[in-house]
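Notes for the one structure printed next.
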Amino acid sequence: EAFSVAQYQRLVEPIIRSIHQNGKLPILVGGSGQYINAIINPQETFSIKPNNFLRFFLNKFNLKTLQFILKNLDFKTFNSLNNSDINNPHRLIRKIELKISNFKFNKNFKSQIKNFNYLHLSLTAPNVYLFQKINQRIQQRIDQGLEKEIKNLLKKYRWSDPGLNTLAYKEFKTGFNQSNINQWITDEHNYARRQKTYLRLLKPVYFEITNPDFPANLMAIVTKWYNSS
């Protein structure tokens with residue numbers, strides 16, 4: 001099933017409130033930058049539901065066409081996009097969707113979790129190190145039987161289903177061969193680059209995991225923040 005960032009935010013917010021009410025500290029681990037941002041910086045655009053009819057047609061266009069459409073619909077928004085957003089078809093489609101819906105921001109919008117005191121930590125590493133780890137994980141998934149997994153999934157699902165339109169699956173629509181494996185490696189590397197770019201915008205406290213002192217440094221930051229909260 002399709003599952004949006006807006007749905008995620010709506011599910012997580014009451015859980016965070018419940019944990020707080022019980023006198024406990026919620027700890028959110030993992031997730032892509034967009035899902036993290038949905039919690040620490042919720043947007044009122046989440047209330048605008050997807051227009052599936054519009055998306056059906058927009059998904060037929062290539063990246064350049066989507067950029068052209070948004071640029072002509074809303075040049076100001078188009079011009080404000082970072083490199084990651086401007087090269088992401090899904091985000092371009094969402095921007096077009098919001099513009100066509102004639103959405104107007106509500107200056108009085110407030111989320112119940114927007115003003116929480118949170119500590120955002122992010123682990124990072126040089127790309128050479130990350131890519132080596134990614135390659136090892138890819139080989140491990142292949143050795144564990146990814147090809148068989150995909151064949152079994154296709155007995156129940158279709159390539160058009162959301163779960164198969166993701167990394168490690170979509171690359172193998174045309175077959176399971178070395179060329180498609182190489183494409184998967186490239187796509188994973190590019191995704192890691194985009195995530196690093198996106199996370200920088202959220203301004204977390206960074207820790208370089210190749211630094212042997214990073215666990216002690218991280219604990220010092222966490223302890224100081226926790227004791228002062």
Inset, instruction - Leaving ligands, DNA and RNA out of it, report the carbon-plus-sulfur percent of the accessible area of the chain at a 1.4 Å probe. - result: 54
Inset, instruction - Stick to Cα atoms and the Kirkwood definition of Rh, then tell me Rg/Rh for the chain. - result: 0.98
Inset, instruction - Sort His20, His90, His120 by accessible area with a 1.4 Å probe, largest first. - result: His90, His20, His120
Legend entry - region 155-170 residues near the modelled Leu73 label - backbone nitrogen below 19 Å, point 7 Å along Cα→Cβ: none
Inset, instruction - Check every DSSP H run in the chain and write down those whose alpha carbon atoms cover 20 angstrom or more along the long axis and whose mean Kyte-Doolittle hydropathy is 0.0 or greater. - result: 214-228
Inset, instruction - State in Å² the accessible area per residue of the chain; use a 1.4 Å probe, count heavy atoms of protein chains only, and round to the nearest integer. - result: 68
Inset, instruction - Give the calculated FRET efficiency between Leu201 and His20 to the nearest 0.05, with a Förster radius of 35 Å applied to their Cβ-Cβ distance. - result: 0.85
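Could you tell me whether region 24-94 comes out rounded, prolate or oblate from its Cα gyration tensor? Rule is a ≥ b ≥ c as square roots of the eigenvalues, rounded for a/c under 1.5, then prolate if a/b exceeds b/c, otherwise oblate. Please report the intermediate quantities before stating the final value.
Working: a/c = 2.25, a/b = 1.89, b/c = 1.19.
Prolate is the answer for region 24-94, as a/c is 1.5 or above and a/b outweighs b/c.
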Legend entry - Eligible aspartates and glutamates near Lys64 by straight Cα distance, threshold 18 Å, same-chain separation 8 or greater: Asp74, Asp85, Glu97
Inset, instruction - Compute the length gained on full extension between Gln178 and Phe3: take 0.36 nm times their separation in residues and subtract their Cα-Cα distance, giving the result in nm to one decimal. - result: 59.9 nm
Inset, instruction - State, as an integer percentage, the relative contact order of the chain based on alpha-carbon contacts under 8 Å between residues 6 or more apart. - result: 24
Legend entry - Percent RCO, i.e. relative contact order, over region 105-223, from Cα pairs under 8 Å lying at least 6 residues apart: 44
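The values are calculated or read from the model by the stated rules, or taken from the named source; none is laboratory data. Everything numeric here is computed off the predicted structure, so don't read it as measured data. Reconstructed Cβ throughout: ideal geometry from the backbone, glycine too, with neighbour counts over all protein chains shown. Surface accessibility is based on the protein's heavy atoms, side chains included, excluding ligands, DNA and RNA. Shrake-Rupley method; radii C 1.70, N 1.55, O 1.52, S 1.80 Å.
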